[in-house]
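Below you'll find the structure, written out as structure tokens, and then a few comments.
Nothing in this text is a laboratory measurement; each read-out follows from the coordinates by a stated rule. Worth saying up front: this structure is predicted, and the values here are computed from it rather than measured. Virtual Cβ from ideal backbone geometry, glycine too; neighbours counted across all protein chains shown.
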2 protein chains.
Amino acid sequence: MRYCAEITIQLKQGMLDPEGETIQRALTHLGYAVKSAHAAKRLLIELEADDADDATRMVDEMCRKMLANPVIHNYSIVIR
Amino acid sequence: MRYCAEITIQLKQGMLDPEGETIQRALTHLGYAVKSAHAAKRLLIELEADDADDATRMVDEMCRKMLANPVIHNYSIVIR
């Protein structure tokens, strides 16, 4: 069956986030009262799997093997 | 009041997505039955606003002015 996986990959707490900091600074310069900004990546992947559990297991493996860096990233997976 | 805005910025349908294509190819090489992959950006912004409507209006303005490129991007905003 075909499933759609929505993966969000974000930096772990305490990691430097230069993109987020730049966005916060730029928005503050534009006059917005921005307290913090954090950048993350969102991936939408369509895949073939036997069932939803199988799809979750595969996508988790993809994240560990290639998509995320477990030293600096947290990731969450939603299967539809 | 302080609000948290969750912004998702993705390429419009039909736009070239080299990052998504590279991810799809790499996952296929690793043996996964991936049909498509699309990359998007997710931003979390904490801001001060009078109410939720005001926050939505400000974040929409931020997206149009700086965060997204309306020619190639669609964006969605969730305020919490």
Cβ neighbours within 10 Å from other chains - mean over A:25-37: 5
Quotient of Cα Rg and 2.2 N^0.38 Å for the protein assembly as shown, N being how many residues it contains: 1.12
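Placing unit charges on C-beta atoms (Lys and Arg positive, Asp and Glu negative, everything else neutral), compute the dipole magnitude of the protein assembly as shown about its Cα centre in debye, rounded to 20.
Charge dipole of the protein assembly as shown: 360 debye, to the nearest 20.
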Ascending list, in nanometres, of distances separating the B:Thr22 label from those of the other copies (7 Å, Cα toward Cβ): 1.6
Neighbourhood net charge (13 Å Cβ-Cβ; Lys/Arg +1, Asp/Glu -1) for A:Arg25: -2
Signed unit charges on C-beta, dipole axis of segment B:30-80, positive-most listed residue B:Ala40, B:Met58, B:Pro70: B:Ala40
Rounded to 10°, Cα long-axis angle of helix A:18-29 versus longest principal axis of chain A: 40
Minimum Cβ-to-axis distance in chain A for the rotation onto chain B, with residue, whole Å: A:Arg42, 2
Cβ-vector label at 7 Å, A:Ser36, separations to other copies in nm: 3.5
Helix B:52-62 axis, angle to chain B major axis (alpha carbon atoms, nearest 10°): 60
Cβ-vector label at 7 Å, B:Glu61, separations to other copies in nm: 5.0
Chain A - charge dipole about Cα centre, Lys and Arg +1 at Cβ, Asp and Glu -1, debye rounded to 20: 460
For segment B:2-79, convex hull volume per residue from C-alpha positions, Å³: 99
